[in-house]
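These notes concern the structure reproduced below.
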Amino acid sequence: MLNINIDTVLDASGLNCPLPLLKTKQALHKMSSGSVLKVIATDAGSVRDITVFIEHSDHDLLDTFIGETEYIYIIRCGLGVKK
């Protein structure tokens, strides 16, 4: 994983689809542009959901780690969000 300063950590472990994505959207909405969110999920569906969401948003997926039982996403909050 990249060496990046994390501003907020969202632990969505144990939550099933679509909750990891919903919680990620909510967290990003509360963050300032340029802030970095680390999401920890255990639902395999989060790989597809979060990736597609980021592709259709102004946020940037900086790094992803896919382990045996957890999925970690490092997301830089884009423009047009609450400051």
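Computed from the coordinates by the stated procedures, all read-outs in this text should not be read as laboratory data. From a predicted model like this one, the values you see are computed outputs, not experimental measurements. Note: ideal-geometry Cβ built from the backbone for every residue, glycine included; neighbour counts use all protein chains shown.
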Legend entry - Value of [θ]222 nm, deg cm²/dmol, for the chain, DSSP H segments ≥ 4, -39500 (n - 2.57) each, nearest 500: -8500 deg cm²/dmol
Inset, instruction - Using only Cα atoms, find the angle between the long axis of helix 19-30 and the longest principal axis of the chain, and express it within 0 to 90 degrees, rounded to the nearest 10. - result: 20 degrees
Legend entry - Between helix 45-55 and the chain: long-axis angle, C-alpha atoms, 0 to 90°, nearest 10: 20 degrees
Legend entry - For segment 8-76, size of Cβ-based charge dipole, Lys and Arg +1, Asp and Glu -1, in debye: 260 debye
Legend entry - Cα-based Lys proximity count in the chain, under 13 Å, for pairs eight or more positions apart or on separate chains: 5
Inset, instruction - For segment 8-76, take the alpha-carbon Rg, divide it by the Kirkwood Rh, and send me Rg/Rh. - result: 0.91
Legend entry - Efficiency of FRET from Cβ geometry, residue 79 and residue 42, R₀ 22 Å, rounded to 0.05: 0.15
Inset, instruction - Loop only per DSSP, at most 13 neighbouring Cβ atoms within 10 Å: give me the chymotrypsin sites (Phe, Trp or Tyr not before Pro) in the chain, ordered by residue number. - result: none
